[in-house]
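Structure record follows, encoded as C-alpha cells.
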Amino acid sequence: MPQCTVDLLATNHSLSDHELLDLLSTSDTETISYLHRRGREVALSVFGNKVYLRGLIEVSNFCRNDCYYCGIRRSNREVSRYRLSHEDVMLCCAEGYALGLRTFVLQGGEDPRQNIDWLIDLVTEMRQTYPDCAITLSLGEKTPEEYRRLKAAGANRYLLRHETFDAGHYGELHPEGMSRDYRIECLRTLKEIGFQTGTGIMVGSPGQTLEHIIKDLRFIQDLQPEMIGLGPFIPHHATPFADRRAGTVDLTLRLIAICRLMLPHALIPATTALASLPGQGRLGGILAGANVVMPNLSPSSFRKDYSLYDNKAAFGSESAQGIRMLQEQFATIGYEVSMERGDHPDIEV
Ligand code: 5AD
C-alpha cells in the first residue's frame, strides 16, 4: 500500500473512494504511521505545537431521546438524573475562567426543562460576564429559530455530530422518530446562521462499515465544518448495545489523520472516548493531527452520572483541575496547552 496515497491526500485534500478504503483497511504499519505523521505535520504547520483547551460543562443528563448507544438515553432507569441550575453553570465558568480557560462548552442531553428561554438567559449572562470567552453549545437538535436566538444571545460555536450519514445505519442506531434528514438539516442551518459548526461520528458503532465511513467523510468534505469530533464507540452496560464491540483506537486515529489532511484548518479534539480506551489516548490523538482537548469542568459529584459509555475518563488529567498534569503529559511529546480562545483560523471574530 503506497505511502504516496497519503501524500496525495495531503496535497489534494481528497481521495477516491477506492483510495480511502485502502487507507482505512490497510494493515501496513508503515503506511499507518506515515498517515499519522502527515496528519501531525499539517496540524503543526497550521496551529504550531499548541493544543487548545476547552472547559466542558455537562449541564444535564436528562434526555428526551432514546439512542440505542447512549448511556443517558430516556429508557435507562439506572441513571441518577441531574440538571445543573443557572447558578451552578455560572460557578463552573468562574472556576474555569480562574484556571485560565477561555472556551466553555455546554453539553447535555436534550432536556426539555432546560428550555430555550432558560438557555438564552444563561448564554446572555455568560456573554456579559466573559466577553473574552468563546461559548460552545452541544445540546442537540433545536429549531432554526432557536439556533438563531442562541447565536444572537452570544453563543459562537455548536457541536452536533451527525453520528452516521447513511440513513439505513442511522436507523440502526436510533429509534423511530429520530431523523437523519433533520439532523443534517440542523447542521446546514447552524452553518448558515454563522455558528462555527462541529460534526462527527462514533467510530466503530454497531453496524458501521467502511463504506459508511466513506459517506461520512464525503459529508464532512461537503459541509466543511469548523470542528470534527471523532471518538470510538464504547458500549454502555444499560443500553441495547451493551454487548457490542467497542470501536478501535487504530481506526479512530486513522480518521483523525484523514480528517486533518482533508480539512487542514479544522479544530479536531482528541476526545474523552479516545482517552477512555487503553492505549496512548489523548497523546495518540495529538500525534495523529488532533489539536484540541476538552477537560471536564462539571461539578465532580455529578461527573459519574454523565456516563454516555462505561469507564469514562473524567478525573486526573481529564479534569480541568488536572490541567497541570495535562501540560506535563503534552510536554513529553513536545506540545504546549494553549489557553487562547482558539477560534477556527478562517473565521472572523
Ligand atoms: N460511545 C461513544 N460515544 C458516545 N456518544 C454517545 N454515546 C456513546 C458511546 N456509547 C457520543 C455521541 C454524541 C457525543 C456527545 O457522545 O457521538 O454525539
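Laboratory data are not the source of any read-out in this text; all were calculated from the coordinates shown. None of these values were measured; they are calculated from a predicted model. Cβ placement follows ideal geometry from the backbone for every residue including glycine, while neighbour counts extend to all protein chains displayed.
Points to keep in mind about this one:
- The eigenvalues of the Cα gyration tensor, multiplied by 5 and square-rooted, give the range 97-216 an equivalent ellipsoid with semi-axes of 29, 16, 13 Å from largest to smallest.
- Extension gain, Ala242 to Ser33: 0.36 nm times the residue separation minus the Cα-Cα distance gives 72.0 nm.
- With each label modelled as a point 7 angstrom along the Cα→C-beta vector, the Arg188-Ala94 pair spans 4.4 nm.
- Taking the alpha carbon gyration tensor of the range 278-349, multiplying each eigenvalue by 5 and rooting it gives semi-axes of 22, 17, 13 Å, largest first.
- Net charge of Cβ neighbours under 13 Å - reference Ser75; Lys, Arg +1; Asp, Glu -1: +3
- Mean residue ellipticity at 222 nm, helices only, the chain: -13000 deg cm²/dmol; runs of at least 4 DSSP H residues each add -39,500 (n - 2.57), and the sum is divided by the number of residues.
- For the range 1-141, the Cα gyration tensor yields ellipsoid semi-axes of 39, 23, 13 Å (square root of five times each eigenvalue, largest first, whole Å).
- Between the range 11-57 and the range 237-263, the alpha-carbon center distance in angstrom: 14
- Computed from backbone phi, the HN-Hα couplings of the range 156-173 come to 10, 9, 9, 9, 8, 5, 7, 6, 6, 7, 6, 4, x, 5, 4, x, 6, 9 Hz, rounded to whole numbers (Karplus: 6.51 cos²θ - 1.76 cosθ + 1.60, θ = phi - 60°; Gly and Pro given as x).
- Taken over the range 1-50, the alpha-carbon convex hull comes to 74 cubic angstrom per residue.
- Listed residues Ser300, Ser60, Ser319, most fluctuating in the chain (Gaussian network, C-alpha, under 10 Å): Ser300
- The range 215-341: Rg to Rh, with Rh as the Kirkwood radius over Cα pairs: 0.97
- Set the Cα radius of gyration of the chain against 2.2 N^0.38 Å, with N its number of residues, and you get 0.93.
- Of the residues Gly289, Gly334, Gly154, the one that moves most in a GNM of the chain with alpha-carbon contacts below 10 Å is Gly334.
- For the chain, the tally of Lys pairs with Cα-Cα distances below 22 Å comes to 5, considering only residues 8 or more apart or on different chains.
- Cα gyration tensor shape for the range 176-270, rounded if a/c is under 1.5, else prolate or oblate: oblate
- Here is the short version for the chain: Cys4, Cys63, Cys92, Cys93, Cys133, Cys186, Cys259 have no other Cys C-beta closer than 4.7 Å.
- Relative contact order of the range 265-343, taken over Cα pairs closer than 8 Å and 6 or more residues apart, is 26 percent.
- Legend: calculated FRET efficiency, Asn12 to Thr209, from the Cβ-Cβ distance at R0 = 22 Å, rounded to 0.05, equals 0.35.
- Relative contact order for the chain, counting Cα pairs under 8 Å that sit 6 or more residues apart, in percent: 24
- The chain - share of DSSP beta bridges that are antiparallel (%, nearest 5): 5
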